[in-house]
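A short write-up of the structure that comes next.
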């Protein structure tokens, strides 16, 4: 289903011209009109949805498969040194069009594209509180528990409960 006010839906319906690089019955990939780098492409679903979670599994799988395939092709064909895949969902994340999309940005040496954030320094105590709070919220089955501020559990209990879920890469320092 399309949204008649959505620019991406209009592109998908050929009501607005675009530089298509891929199209099938479920999705469309086209050159971004304001590219971050040479070859910046967006992949969208032909079904209107502001967020990916509202799309069917088939559409999500197709979009991600196409995005990854295009990304690797851009690296090979444009001699990019890498690729950034970016999904912005919601205004707070920088989403400009309320239609789910994946930006595929080929990366080049000295391309002046900056994708980063300030890293927060945390003490061991702050890391433990943070870990407990996040794990408690994302594993909660009760919606009221998610919005409430639970008392932090001791680190030992969280570590034991989620020990099998946390796999430490030997190159990454262990903080908890």
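Read-outs: derived from the displayed coordinates by stated rules, not from any lab. As the structure is a computational prediction, the values presented were derived from the model and not from experiment. Neighbour counts run over all protein chains shown; Cβ positions are idealised from the backbone, glycine included.
Remark: the range 21-86 is approximated by an ellipsoid whose semi-axes, taken from the C-alpha gyration tensor as √(5λ), come to 22, 12, 10 Å, largest first.
Computed from the Cβ-Cβ distance with R0 of 45 Å, the FRET efficiency linking residue 97 to residue 123 stands at 0.65.
How do the peptides 65-72, 20-27 rank, highest first, by the average count of neighbouring beta carbon atoms within 10 Å per residue?
The peptides rank, most packed first, as 65-72, 20-27.
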